[in-house]
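The values are calculated or read from the model by the stated rules, or taken from the named source; none is laboratory data. Here the structure is a predicted model, which means the values were calculated and not measured. Cβ placement follows ideal geometry from the backbone for every residue including glycine, while neighbour counts extend to all protein chains displayed. Areas reflect the complete protein model, heavy atoms only, side chains present, ligands, DNA and RNA absent. Shrake-Rupley method; radii C 1.70, N 1.55, O 1.52, S 1.80 Å.
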Amino acid sequence: MRLSLLLLLLLLPGPPTAPCMEDAAFPHLGESSQPPPRACPPRCSCPRADTVDCDGLDLRVFPDNITRAAQHLSLQNNQLQELPYNELSRLSGLRTLNLHNNLISSEGLPDEAFESLTQLQHIYVAHNKLSVAPQFLPRSLRVVDLAANQMTEIFPLTFGEKPALRSVYLHNNQLSNAGLPPDAFHGSEAVTTLSLSNNQLSYLPPSLPPSLERLHLQNNLISKVPRGALSRQTHLRELYLQHNQLTDSGLDATTFSKLHRLEYLDLSHNHLAAVPAGLPHTLAVLHLGRNRIRQVEAARLHGARGLRYLLLQHNQLGAAGLPTGALRPLRGLHTLHIYGNGLERVPLALPRRLRSLVLPHNRVAMLGARDLTSTPGLAELNLAHNRLVSARVHHRAFRRLRALRSLDLAGNQLTQLPTGLPTSLHTLRLQRNQLRALEPEPLAGLDQLQELSLAHNRLRVGDIGPGTWHELQALQVLDLSHNELSFVPPDLPETLEELRLQSNRISHVGPEAFLSTPNLRALFLRCPEGGWMGLGGKGGLWWAAGDPSKPSGLRVVVAPSPCLCPHAHLLVQGQQASHDQHCTRGLLGPPTPACGGHNRKPRAGPGPAATHSSTSASGLGSLSLRDLEE
């Protein structure tokens, strides 16, 4: 009876709710469509429901309150020392985990740390303190970055049995061959990129993935590539072996012969005495610089008939190391670098399609009439810092180079401009020679020349023949710095935009100096002692407002004198008339007889122009004092 009464009371409706009372669990009117706020760890950001970003917060403890829906978690640039298994195990939906640049050690990374992350595709643990690799990584991985740790060992299931794995980065560790198991990539047949550079490997590891396309092994201790070590890597396109200890005996004729897709091979900075044999015909770039190669044999290059870039700089070729026709098999060769080899002549019978020949810092002392006839399509020729003298440069040396755009003859012993220069030239560099005269004849026809450098020679204004500059109707940059000029050369080309005259003997710049250069944008006039000339007054450099002799686009003017110290202000020509009027009054006053040391301050005139910063919207608004003094 009592039980029945209790049931009846439970079934009866409760008292009506007062009008002013509301159910706290029921949403307010108008708020029912708003989702509850999403949980996000303190100080982190969660821009999307599946993304948690805790970068750079100096976290020392793995954050809690990470949503189970997270697919992308970034904890890079913190102070984490360990990963708690219980926190990671909740995040089974993670696809990206970024732990880059923390303090995580192998002791702080339990073996089962990642076993629950069955959907993880990208993991980044570079720049930590791991001494060994994680023993087990998820099968779903596509990219693993463990670079810049202190690892000495990896395990079979670190990278093995990962059918989706594409890229593995292990550079900047302490891995030796003993730390790499022979089955390290068993079951991972899709890896295309493997970086093992900057480790302690002594020979090329065996059993590498056959799917590799890019293999980085530079900066190791490799002295040998075992026979057959690359026989299965038929998809390899790029192989980096520079900065190792390879010798000729460490390679054989089959080392590269089966790499039928290889395009880039870098063997620079080793101990090779000869070009390797068995090079594949697909090779486009071969870098052999900084070895000990004494001779290039044509037979070694027959297989590499598709080569376009051959870099042989800083070897020991000498006078006979590149015999006539040695490069003839390379019919498609585009660029040849052979600087720093002790060559005494330009190599003869070079490939006809060569476009760039770079051989500075050799001992070339002459250019004959036929030395360059085999390369009519040459666009760049660099013979800087050789031993060329004017008497041994034949007047027809350049006659076949009708496509030449850049000629560098800097750092030789030329006393006059070469004759017969190609009319196609855009850039001509003759700095650091012994030029004493400029005449119009050698420059005749150079109507496409845009840049001419004559710095560090012995030129005086009287040595520049009348009409010399009239030949250069396209010239934009002219460098006459570090010569013996006493005033600005007259009749400069109208097209000139940049003029360098620093470190000459110029003490006076008249108002007519730049009448012929209305497009001038940059003018450099620093004196040899590092001082600056006074502006305004007698002998000064200035333009009155509206003066037609002022180059309209000029923004920076630096005037030299051995009598003012380098602390003088730069004058930046403004666009307003008031700035020009300041110039007419003189910014620094007339030159003084002597500097009296670098501590003497120049006399400053009106402030606004003297302190005006170079922020003009046109011209040289961003040019700095350091740029001017280069």
Tell me whether the stretch 170-189 contains one or more residues that are open to solvent by less than 10 Å² (accessible area, probe 1.4 Å) and in contact with a strand residue (DSSP E or B) (Cβ under 7 Å, 6 or more places away or on another chain).
yes
Within the stretch 216-241, can you find the residues that are among the β-branched types (Val, Ile, Thr) and under 19 Å from Asn172 (Cα atoms)?
Ile222
Being in contact with a Ser or Thr (Cβ under 9 Å, 6 or more places away or on another chain) and assigned to a helix (DSSP H, G or I) is the filter here, so list the residues in the stretch 78-110 that pass it.
Tyr85, Leu88, Ser89
For the stretch 98-122, which residues satisfy the criterion of being open to solvent by 50 Å² or more (accessible area, probe 1.4 Å) and of a type in the set (A, V, I, L, M)?
Leu103
Return the pairs, sorted by first residue and then second, in which the second residue is open to solvent by 80 Å² or more (accessible area, probe 1.4 Å), the first residue lies in the stretch 285-306 and is without any contact (Cβ under 8 Å) to a residue 40 or more places away in the chain, the beta carbons are less than 6 Å apart, and the residues are 6+ apart or on different chains.
Val285/Tyr309; Arg305/His281; Gly306/His281
How many residues does the stretch 286-304 hold that are of a type outside the set (S, T, N, Q) and either in contact with a Leu (Cβ under 6 Å, 6 or more places away or on another chain) or crowded, with 16+ Cβ neighbours inside 10 Å (or both)?
11
Can you find a residue that is more than 32 Å from the chain's Cα centre (by Cα), touching a residue at least 24 places away in the same chain (Cβ under 8 Å) and either open to solvent by 20 Å² or more (accessible area, probe 1.4 Å) or closer than 24 Å to Ala369 by Cβ (or both) anywhere in the stretch 309-319?
yes
Which of the numbered conditions does Ala148 fail, given that it passes all the others? Conditions: (1) open to solvent by less than 60 Å² (accessible area, probe 1.4 Å); (2) modelled with pLDDT under 95.
(2)
In this structure, does Glu189 turn out to be within 27 Å of Asp50 (Cβ to Cβ), among the charged types (D, E, K, R) and in a loop (DSSP other than H, G, I, E, B)?
no
Taking the condition of being of a type in the set (A, V, I, L, M) and assigned to a strand (DSSP E or B), how many residues in the stretch 139-153 meet it?
2
Residue among Arg526, Arg505 that alone is surrounded by fewer than 16 Cβ atoms within 10 Å (Cβ to Cβ) and farther than 15 Å from Gln431 by Cα:
Arg505
When you scan the stretch 395-438, how many residues do you find that are in a loop (DSSP other than H, G, I, E, B), closer than 23 Å to Arg458 by Cα, open to solvent by 60 Å² or more (accessible area, probe 1.4 Å) and touching an Asp or Glu at 6+ places or on another chain (Cβ under 9 Å)?
3
Answer with yes or no whether Leu499 is under 30 Å from Pro360 (Cα atoms), among the aliphatic types (A, V, I, L, M) and either at pLDDT below 95 or surrounded by 21 or more Cβ atoms within 10 Å (Cβ to Cβ) (or both).
yes
The one condition Phe136 fails out of (1) in contact with a Leu (Cβ under 8 Å, 6 or more places away or on another chain); (2) modelled with pLDDT of 95 or more; (3) in a loop (DSSP other than H, G, I, E, B) is (2)
Taking only the stretch 154-169 into account, find how many residues are in a loop (DSSP other than H, G, I, E, B) and either farther than 15 Å from Gln135 by Cβ or touching a helix residue (DSSP H, G or I) at 6+ places or on another chain (Cβ under 8 Å) (or both).
5
Suppose the filter is surrounded by fewer than 21 Cβ atoms within 10 Å (Cβ to Cβ), among the hydrophobic types (A, V, I, L, M, F, W, C) and within 26 Å of the chain's Cα centre (by Cα); does Val358 pass it?
yes
